[in-house]
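To keep things clear, I will list the structure first and then write my remarks on it.
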Amino acid sequence: MSFAAEVMFVLFFIWTFIGMPLGYAMLASGIVYFVITGNDIGLVASQSLNGIYGDFVMLAVPLFIFSAELMNAGEMTDKMFGFASLLVGRFRGGLAHVNIIASVIFAGMSGSALADAAGPGKISIDMMIKAGYRPGFAGALTSTSAILGPIIPPSIPMVLYGVVTNTSIGYLFLGGVMPGLFLALVMMGVVAIQARLQDFPTQPKPTRSEAIAVVRDAGPTLLLPAILLGGIYSGAVTPTEAAAVAAFVALLLALFWYRTMTPRKLFEVLRESSKSTAIVAVTIAGAVVMNYIVAAEQLPEVLGKWIASLDMGPTMFMFAVTLLFIILGALFDTLLLLLIVIPILMPTVRELGIDPVYFGVVSTVNMMIGLIHPPMGQVLYLVSGITGIKVGVILREIWILLGMMIVALFVLVFIPHITLWLPEMAGYVPEGVFH
């Protein structure tokens, strides 16, 4: 690695740790690299624009963000929460189970952990605290269940992974279904045990008329995942077109069916969606510049030769990478891992015969666990901010759930068939030998 690249990475980490936004840190350190090497700084602009506008699939990201904001502002998450409560609310610890089921349903519409925590998560926490649950436990469970958002399709991280690795997004989406449901079952198992040991409250069983009213009210909202995923897997639409359809249908429901979307709310939705999209766009622009430099420095080839010298097989490689991502996920932003680290690892992944769909799904799960792992833990801070529950109080309750998520992650690592079963059923032929 050249002196210029070393300076670039040192400056990048310094600027990141002192609080500079990730995208700006990547762009600024990339500019320094070009100055030191005497290259045309105009390459920064051209690479950034190519990264943002050069792929039609990237348009899915702002559309998924917009649809998630619409569902939260249009109160569709309330309807979905009522349906989840109808399913599992009557069991011991019912509201805790409702929290998880609501996240599973919302995951099929949003693709974002932060949107899940801010939408149904906020509703869940308020209801759990009113019912007598400890605020720390309510916050911990909501933070953990929110990570299902980007695992169960659609998924913004999987869209980005598909773009940077040239992997089928449709098969990535299919690959995320079983791991997402598996993680949800693990969470519900933990809740069931705690409910027995700590005597969690139960909810009254709804009457027949109440149940019919809930289903009728939630029905249109529950059609969104079917429209979204059915369109993709039937081949009728691309993931980007499906995201546009989902946003359009969500807007129609909020405006004309539920009539919960006012002009003021719509303006807020557009503003928040634009802010989130801008953050992602700047980060992608910076990542593209750094990836250009990484390729110019031939770092993936250097890493591949180093791993080859260790005589590391695919199983040991996956074990090592999983540990690496657990550590990095606790320290760095998900987009950094997704847009910088993943492209560096991919040549070695393919060289070792590790299926890219399996690797993408497992990596996504790993990065999502980083969202609830201190000190980074973005979801933890979001939940704390919207509820007023101190992060320390949430952390005291989250360790059991976090530990079980890591155990479940290693199960997914060593049993690839959990991830690949649905894609194979849909005609996918896994690549390489490690599947």
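The values are calculated or read from the model by the stated rules, or taken from the named source; none is laboratory data. Not measured: the values here are computed from a predicted model. No Cβ is skipped: glycine too gets one built from the backbone with ideal geometry, and neighbour counts run over all protein chains shown. Heavy atoms of the whole protein, side chains included, go into the accessibility calculation; ligands, DNA and RNA do not. Shrake-Rupley method; radii C 1.70, N 1.55, O 1.52, S 1.80 Å.
Contact annotation: residue pairs with Cβ atoms under 6 Å, 6 or more positions apart or on different chains, pairing a residue in segment 282-306 that is touching a residue at least 40 places away in the same chain (Cβ under 8 Å) and aromatic (Phe, Trp, Tyr) with a partner that is surrounded by fewer than 24 Cβ atoms within 10 Å (Cβ to Cβ) and part of a helix (DSSP H, G or I), are Tyr292/Gln47. When segment 375-385 is filtered for residues that are touching a residue at least 40 places away in the same chain (Cβ under 8 Å), farther than 15 Å from Leu141 by Cα and either under 17 Å from the mean Cα position of the chain (by Cα) or assigned to a helix (DSSP H, G or I) (or both), only Met376 remains. Here the condition is being part of a helix (DSSP H, G or I), farther than 22 Å from His97 by Cβ and open to solvent by less than 30 Å² (accessible area, probe 1.4 Å); of Leu183, Leu174, it holds for Leu174 alone.
Among residues of segment 394-429 being open to solvent by less than 40 Å² (accessible area, probe 1.4 Å) and not in a helix (DSSP H, G or I), the one that is farthest from Gly329 (Cα to Cα) is Tyr428. Summed over segment 128-162, the residues that are open to solvent by 10 Å² or more (accessible area, probe 1.4 Å), touching a helix residue (DSSP H, G or I) at 6+ places or on another chain (Cβ under 6 Å) and assigned to a helix (DSSP H, G or I) give a count of 4.
Being open to solvent by 30 Å² or more (accessible area, probe 1.4 Å) and under 13 Å from Leu409 (Cβ atoms) holds for only one residue in Leu303, Leu352, Leu323, and it is Leu323. Considering every residue within segment 382-404, establish whether at least one is acidic (Asp, Glu) and either in contact with a Leu (Cβ under 7 Å, 6 or more places away or on another chain) or closer than 20 Å to Leu172 by Cβ (or both). Within segment 382-404, none of the residues are acidic (Asp, Glu) and either in contact with a Leu (Cβ under 7 Å, 6 or more places away or on another chain) or closer than 20 Å to Leu172 by Cβ (or both).
Any residue at all in segment 304-319 that is under 23 Å from the mean Cα position of the chain (by Cα), at pLDDT 90 or above and within 30 Å of Ile372 (Cα to Cα)? There is at least one residue in segment 304-319 that is under 23 Å from the mean Cα position of the chain (by Cα), at pLDDT 90 or above and within 30 Å of Ile372 (Cα to Cα).
Set side by side, the residues Thr277, Thr202 differ, and just one is open to solvent by 20 Å² or more (accessible area, probe 1.4 Å) and closer than 30 Å to Leu22 by Cβ, which is Thr277.
Please verify whether Met261 is hydrophobic (A, V, I, L, M, F, W, C), open to solvent by 40 Å² or more (accessible area, probe 1.4 Å) and more than 30 Å from Asn39 (Cβ to Cβ), treating the condition exactly as stated.
When the stated conditions are applied, Met261 does not pass them.
The set of residues in segment 274-303 being at pLDDT below 85 and among the polar types (S, T, N, Q) consists of Ser276, Thr277, Thr283, Asn291, Gln298.
Residue by residue, here is whether (1) open to solvent by 50 Å² or more (accessible area, probe 1.4 Å); (2) at pLDDT below 80; (3) in contact with an Asp or Glu (Cβ under 6 Å, 6 or more places away or on another chain); (4) not in a helix (DSSP H, G or I) holds:
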site: Gly23; (1), (2), (3), (4): no, no, no, no
site: Ala45; (1), (2), (3), (4): yes, yes, no, no
site: Asn50; (1), (2), (3), (4): yes, yes, no, no
site: Ser85; (1), (2), (3), (4): no, yes, no, no
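Within segment 131-152, residues that are under 18 Å from Pro201 (Cβ atoms) have Cβ atoms under 6 Å from residues that are among the acidic types (Asp, Glu) and open to solvent by 10 Å² or more (accessible area, probe 1.4 Å) in these pairs: Gly136/Glu397; Phe137/Glu397; Ala140/Glu397, counting only partners at least 6 apart in sequence or on another chain. Across segment 211-251, the number of residues qualifying as in contact (Cβ under 8 Å) with a residue 40 or more places away in the chain and either open to solvent by 40 Å² or more (accessible area, probe 1.4 Å) or farther than 30 Å from Arg92 by Cα (or both) comes to 18.
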